[in-house]
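Colleague: I'd like to ask some things about the structure below.
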Ligand code: GLY
């Protein structure tokens with residue numbers, strides 16, 4: 001049986017079909033999508049007779065991605081009388097799906113959850129593959145578990161109204177996925193970054209990610225490739241959160257910068273040909289992504305050592321030999 005269950009649909013109303021078999025559904029939604037996604041979704045569910053029990057709206061930010069918020073969600077579940085047959089439905093971006101998923105996975109030693117990702121980043125990455133968790137003291141995703149959602153409902157239409165900042169952050173993860181899994185799609189997504197193709201790009205990226213997770217759910221090998229650019233990105237996010245001058249570089253934008261730094265390291269290690277990093281930088285710039293990291297690789301090194309992907313003080317870097325050819329190297 002497949003580990004990853006992705007439901008793709010052009011209509012949000014189809015969510016009610018997916019929810020029919022669950023006797024007791026608790027929605028945890030980002031407040032930001034309340035009016036234009038969650039309320040219509042609740043109406044569709046009510047019309048279809050879905051067993052919706054309660055709705056909780058949360059505020060999201062990296063600072064609020066904390067154990068405190070997880071606890072708040074769990075206290076709400078207790079107060080609503082949620083029991084072992086509950087399904088927690090997360091509606092929002094990656095922070096919401098990570099938090100609600102973690103709360104569900106540890107509530108009463110684990111109840112089911114499902115995701116309705118509403119950002120591009122969550123549709124192609126965060127809401128697929130079962131990673132859930134929260135930050136600890138500014139360090140990203142230090143507490144968490146991997147448990148697959150019942151399903152991830154992907155409706156590409158939902159991301160069309162995102163601000164440029166939020167949209168482009170997701171585009172960085174989409175390009176990352178194509179760098180790992182499909183050189184032809186990468187080129188197409190760089191040269192033809194247009195809305196008409198977006199639905200197809202999202203579908204393909206979601207399939208590539210699902211395929212990798214199917215092979216290696218718990219990140220023993222193949223799945224590590226999905227961390228391409230992320231060792232640098234997490235350090236950039238940490239630095240930006242603690243800097244007066246570069247406050248709040250988003251995860252996706254940090255990934256774009258991290259991809260360029262990973263390409264530079266790949267060249268330095270003799271894996272990628274000369275000029276590879278410059279080419280990647282130019283490609284990402286073409287799609288409007290930020291590529292210039294305010295810190296050097298040396299300045300990020302200490303933080304990278306604390307990343308949860310480090311083992312015995314050495315870091316598993318995901319490096320590139322070429323587009324479509326990614327390798328893991330311990331340095
Ligand atoms: N975001 C990387 C992964 O899901 O493995």
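Each reported figure results from applying straightforward, stated rules to the coordinates on display, with no laboratory input. Every value quoted in this text rests on a predicted model; they were computed, and no experiment measured them.
Colleague: For the chain, modelled as a GNM with alpha-carbon contacts under 10 angstrom, which of 253, 242, 234 fluctuates the most?
Modeller: Of 253, 242, 234, the Gaussian network model singles out 242 as fluctuating most.
Colleague: What share of all Cα pairs of the range 45-93, in percent, falls into each consecutive 10 Å distance bin?
Modeller: Taking every Cα pair in the range 45-93, the percentages come to 20, 51, 26, 4.
Colleague: Obtain the radius of gyration and the Kirkwood radius of the range 1-51 from its C-alpha atoms and give Rg over Rh.
Modeller: Using only Cα positions, Rg/Rh for the range 1-51 is 0.99.
Colleague: How long is the range 109-233 along each principal axis, judged by its Cα atoms, biggest number first, in Å?
Modeller: Largest to smallest, the principal-axis extents are 45, 29, 29 Å.
Colleague: How large is log10 I(q)/I(0) at q = 0.14, 0.20, 0.27 Å⁻¹ when the Debye formula is applied to the Cα atoms of the range 162-243, each weighted equally and without solvent?
Modeller: Each listed q maps to, in turn, -0.55, -0.99, -1.29.
Colleague: Taking the chain as a Gaussian network, Cα atoms linked when under 10 Å apart, which of 66, 163, 24 shows the biggest mean-square fluctuation?
Modeller: Highest fluctuation of the listed residues: 163.
Colleague: As an exercise, take the mean of 1/r over every pair of distinct alpha carbons in the range 263-325, invert it, and state the Kirkwood radius in angstroms.
Modeller: Details: mean 1/r = 0.0759 Å⁻¹.
The Cα-based Kirkwood calculation yields 13.2 Å.
Colleague: With every atom except the alpha carbons ignored, what do you get for Rg and Dmax of the range 157-304, in angstroms?
Modeller: 15.2, 43
Colleague: Another question about this same structure. Could you check what % of the DSSP bridge pairs in the chain are antiparallel, to the nearest 5?
Modeller: Details: 13 of 34 bridges.
Around 40 percent antiparallel, to the nearest 5.
Colleague: Could I ask something else about it? Please list the radius of gyration and Dmax for the range 40-194, considering alpha-carbon atoms only, with Å as the unit.
Modeller: Cα radius of gyration and Dmax of the range 40-194 are 16.4, 52 Å respectively.
Colleague: Now for a different question. Nearest 500 deg cm²/dmol is fine: what mean residue ellipticity at 222 nm does the chain get from its DSSP H runs of n ≥ 4 alone, each adding -39,500 (n - 2.57), divided by its residue count? If you can, show how the numbers build up before the last one.
Modeller: Details: 11 runs with 141 residues, N = 331.
Using -39500 (n - 2.57) per qualifying helix, the result is -13500 deg cm²/dmol.
Colleague: In addition: Please determine, in degrees from 0 to 90 and to the nearest 10, the orientation of helix 297-306 with respect to the longest principal axis defined by the Cα atoms of the chain, where the helix direction is its Cα long axis.
Modeller: With both axes taken from Cα atoms, the answer is about 40 degrees.
Colleague: Any idea what % of Cα-Cα pairs in the range 1-105 are farther than 19 Å? Don't jump to the answer; show the numbers that get you there.
Modeller: Values: 2398 of 5460 pairs.
Percentage above 19 Å: 44.
Colleague: Sticking with this one: Could you tell me the distance between the Cα centroids of the range 1-71 and the range 170-189, to the nearest Å?
Modeller: 28 Å
Colleague: Please state the Cα pair-distance histogram of the chain with 10 angstrom bins from zero: what percent is in each bin?
Modeller: Per 10 Å bin, starting at 0, the Cα pair percentages come out as 6, 27, 35, 23, 8, 1, 0.
Colleague: Could you state the angle between the C-alpha long axis of helix 164-181 and the longest principal axis of the C-alpha atoms of the chain, as a value from 0 to 90 degrees rounded to the nearest 10?
Modeller: That works out to roughly 70 degrees.
Colleague: Nearest 5 is fine: what % of DSSP beta bridges in the range 1-135 come out antiparallel, could you say? Don't skip to the answer; put the middle values down first.
Modeller: Numbers: 0 of 17 bridges.
About 0 percent, rounded to the nearest 5.
Colleague: Post the alpha-carbon centroid distance, the range 103-162 to the range 310-329, in whole angstrom.
Modeller: The range 103-162 and the range 310-329 have Cα centres spaced 24 Å from each other.
Colleague: What value in Å³ per residue do you get for the convex hull of the alpha-carbon atoms in the range 81-130? Could you put the intermediate results ahead of the total?
Modeller: Details: hull volume 2.9 nm³, N = 50.
Considering the Cα atoms of the range 81-130, their hull volume per residue is 58 Å³.
Colleague: Another one. By how many degrees, 0 to 90 and rounded to 10, does the Cα axis of helix 195-215 deviate from the longest principal axis of the chain?
Modeller: With rounding to tens, the tilt is 90 degrees.
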